[in-house]
Every structure is written in C-alpha cells, then in structure tokens.
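In what follows, a single structure is set out as structure tokens and then discussed.
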Amino acid sequence: MRVATTLSVLVLGAGGIGHAVVTSLDTGIGRVDPFKDMKNRPDGGHGMNILLVGTDGRDKITKGEREKYRLGGAPCRCTDTIMLVHISEDRERASVVSLPRDSYAQLPSHTDGNTGEKHGPHPVKLNAAYAEGGPHLTVRTVESMTSVKIDHYLEIDFTSFMKTVDTLGGVEICTAKPLKDSHTGLDLSAGTHKLDGGKALQYVRSRYLDGSSDLGRMQRQQRFMAALIKQATSSGVLLNPVKLRGVTSTMLDSVRADKGFGTREMLTLGKAMRDFTPASSEFTSVPVTEGGFPVKGIGSTLKWDPVKSKKLFRALREDKPLTPAAPAGPRRPGAPKPPATMVEVSPQQIRVQVYNATRGDGLGQRVDGALRATGFRTTRAPLNHTGPEVTRTQVLFDPRWDRSAKSLAAALPGCELKPVPRQGATLKVMAGKDYRTVRPVRAEDVHQGEFGAVTGDQVVCP
C-alpha cells in the first residue's frame with residue numbers, strides 16, 4: 001500500500017524530471033543488501049520484479065497523530081504489507097500481486113537477525129519473515145514460495161506514507177457503501193472522498209469493516225495504489241521540480257532499497273514508463289483456499305491455492321498480462337475506459353436473462369451483448385417475450401436479490417424495477433421500446449479473468 005509512493009514517485013518521477021532529482025534520491029535512500037550470499041535462486045524471467053514492502057514503523061509520528069489515527073502500541077518489526085510488482089519487458093504494464101501477510105510460509109534455514117540464533121526450516125505467517133531475518137529472509141522466503149526471481153527491493157513505513165500523500169495534495173477514493181472501522185478510526189460515508197495522509201493510512205490499514213478481513217483490506221490497498229498513481233500522473237507534480245522535490249524529500253528518512261536500484265536504473269525505467277497511467281497497471285491477490293489453515297503455535301493462516309497460485313506466478317515469469325484481453329474496438333491501448341457508475345454488487349456476480357419485449361428484431365441480442373460487455377453474466381441466449389409489447393424496459397427480480405437488481409438497473413437508465421417473489425437468482429431484463437444504451441457500471445469488488453485481476457482505471461474514481 002504505502003510503497004505505491006515508491007512506484008509513482010521513484011519510478012515514474014525519474015523520467016519526468018531528470019538526473020539531479022534522482023541523484024539526490026539515490027544518495028538519501030537507506031540501502032540494504034537483501035540478496036547477499038543468496039544461492040539456488042529461481043531463473044530470471046522477462047521484465048523486472050520488485051518486492052515492495054510496507055513496515056509498521058511509527059517512530060517519527062507525533063503523539064497527537066498516534067491518538068488521532070489509532071496508531072498506539074509498539075511496532076511489531078514485521079511487514080504490514082507485501083506486494084510483488086512485475087514491470088513488463090516492454091515497460092507498458094505493471095502487474096501488482098498482493099501477498100497476504102497471514103499466508104502460511106515455510107522459512108528456510110537462517111540465523112535470527114535479532115538473537116543470532118540459528119534456525120532450521122519452520123512454519124510461520126509470511127509477515128514474520130521480516131521480524132526474524134529482515135529484508136534478506138523476506139526475499140528468500142518470497143522467492144521460495146513463488147519461484148519468481150526478485151530483481152529489486154523497496155521498503156517504506158507509516159511516516160513516509162502519510163507525508164507523501166499530503167505532499168501530493170491528497171488522494172481521491174470512492175466507496176459505494178459506508179466504511180467504518182473502530183480499530184483504525186476510519187469513518188467514510190458512501191461517495192467520493194479526498195483523503196489526506198492520516199485518513200489514507202486509516203483507509204489502507206482497516207481490516208474490520210466486514211467479514212473479508214485482510215483480503216478485503218488488500219483490495220482497498222490496491223484501489224488506493226491505483227488512485228495514487230492517478231494523482232501522481234495527472235496532477236502535474238511529476239513535471240514540477242519544486243513539487244517533486246517536496247514529495248521525494250519526505251521519504252528520504254524512511255525509504256530503503258537494495259544497492260543495485262540506483263540512479264541509472266531509476267532513470268531508465270522512468271523514461272520507459274513516461275506515459276504510464278492507471279490503465280497501464282493491473283492488480284490481484286494470491287488465490288487462497290477457502291477457510292483458514294490452523295497451525296499449532298501460530299494460529300489461523302491462509303494457504304495459497306496450489307494450482308491457481310502456480311499459474312499466477314508462471315504468468316509473471318512469462319511476462320503475460322493477468323487481466324483478460326481488452327475487447328476489440330476503437331479505444332487505443334492504454335486509453336482510459338469510459339467512466340463507470342459505482343454499484344454495490346459486481347456485474348460479474350449477477351446472472352441475467354434478456355428478453356426482447358418489442359416487435360422489432362435483434363434488440364435482445366444487442367442488449368445481451370451490451371450487458372455482457374460491461375461485465376454481467378448473461379445467458380448469451382436472449383429470448384422473445386411472448387406477452388404484450390413493453391414500452392419501458394423492466395428488470396424483474398426476486399426480492400432476495402434486490403441489491404443485484406439495483407446494480408443491474410443502474411446499467412439500464414430509466415428502467416423499471418419489478419419484484420417477482422420466488423423467481424430465483426437469475427434476473428430478467430424485458431428490453432422495451434425505450435432502450436437506448438447500457439451504462440458501464442463497476443463495483444469495488446470487481447474481479448475478472450482467471451486470476452481475479454483488475455486494471456487500475458477500473459478501480460479509481462470515474
């Protein structure tokens with residue numbers, strides 16, 4: 001989450017400003033050597049893989065900020081967030097994969113960084129790798145679990161995150177439902193909000209908003225990362241040396257990177273990604289099996305799906321996109337998709353049967369295709385309505401699926417909602433004479449394709 005700052009400023013900013021600013025970054029960033037003496041590493045693939053780590057460091061946060069943003073307690077010296085970012089070989093795509101911090105992991109043999117005690121392989125939650133062996137053990141563990149060779153390591157903490165968001169002027173977040181978490185103090189009404197650094201930290205840390213816990217939190221972190229990229233690339237800050245210096249200077253005390261990620265690498269990567277937009281990024285999380293995986297002495301962990309996770313990381317190694325191919329059309333690659341209306345239930349979760357309720361030919365096919373293009377699970381077999389001709393398009397629904405019906409109705413401007421008890425989970429659309437178009441809609445939980453990935457422009461505010 002917080003390492004989105006690094007992605008949007010260190011990487012994207014390099015190409016827009018030039019050597020002087022990046023050199024000052026290079027000399028100010030703390031350096032680590034996470035690859036020292038590493039053996040039996042995975043083979044390198046195509047593109048570049050960056051391990052982005054967010055720690056819970058809070059040493060420089062004031063007492064007032066600790067109380068206001070619920071940051072009490074001692075830091076755990078562990079990774080609060082872990083993301084694997086793959087930059088494609090052509091530098092036109094960034095694939096971001098969240099690794100749940102509660103993932104079941106087997107640490108390789110190592111020496112404890114705190115006590116000097118030697119340990120053999122043993123199970124832990126993934127975020128404990130940093131506590132036992134710092135960046136070096138974290139990289140070793142992630143490489144072992146993913147078979148993806150890590151090229152660079154970047155780390156950032158709470159303090160840098162808050163200040164960087166404030167320097168960028170805040171980040172815009174949209175939510176289709178109220179968000180309230182008593183643990184972090186987050187309290188947002190449904191709608192669009194401009195978050196400052198403190199509120200942004202509450203947003204990305206909240207995990208008690210619903211039953212999704214850490215998995216839902218990762219989705220919000222991904223949405224925030226896309227929004228941060230949008231803010232950095234659209235606000236002009238990357239083209240203004242004064243503003244960029246202000247952003248970068250806030251990070252220097254708390255960002256750490258591997259020794260090989262220096263000025264030359266940042267400049268080369270930044271120039272190649274100069275036209276990067278939220279549409280150029282894609283986000284997903286490692287697929288996990290259903291239910292927790294209890295481990296004695298550790299507690300409940302998340303077990304990665306052995307088949308789906310292997311396919312996901314193989315796609316990264318082979319430099320393949322994680323989202324479905326965009327439909328053919330006049331929109332140029334990388335261009336933003338048309339603005340979509342926020343709905344509560346994802347179209348991908350809604351089953352729809354379309355009926356042509358007019359005397360004209362072909363309307364059912366047009367409506368079915370348009371709904372399917374915006375994500376609805378249509379039957380692909382529209383039917384002809386046998387009753388009277390319908391003037392106003394109708395959505396027929398079982399009252400038990402009223403939230404789904406409202407999401408479908410948002411895609412059909414001017415339609416009429418008609419409850420039909422015991423109709424079942426499939427919603428019915430009676431396409432009437434007034435039909436003109438299907439309005440794009442999307443939900444915060446939108447997941448598409450084999451890996452449940454979304455592009456950045458699908459999750460930022462319209």
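Each value in this text was obtained by applying a stated rule to the coordinates, not by laboratory testing. Quantities reported herein were computed from a predicted structural model and do not represent experimental measurements. In this analysis, Cβ positions are derived from the backbone assuming ideal geometry, glycine residues included, and neighbour counts consider all displayed protein chains.
At a glance:
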quantity: D (Stokes-Einstein, µm²/s), Kirkwood Cα radius, the stretch 92-193, 0.692 mPa s at 37 °C; calculated: 194
quantity: Asp33/Lys194 FRET efficiency (R0 60 Å; Cβ-Cβ; nearest 0.05); calculated: 0.95
quantity: Residues of the stretch 409-430 with amide N under 15 Å of the 7 Å Cα→Cβ point at Thr341; calculated: 409-418
quantity: Set Lys259/Lys310; Lys230/Lys259; Lys36/Lys259; Lys125/Lys296; Lys63/Lys163 screened for pairs whose C-alpha atoms are more than 19 Å apart; calculated: Lys259/Lys310; Lys230/Lys259
quantity: Extension gain (nm, one decimal) between Glu67 and Glu318, 0.36 nm per residue minus Cα-Cα; calculated: 85.7 nm
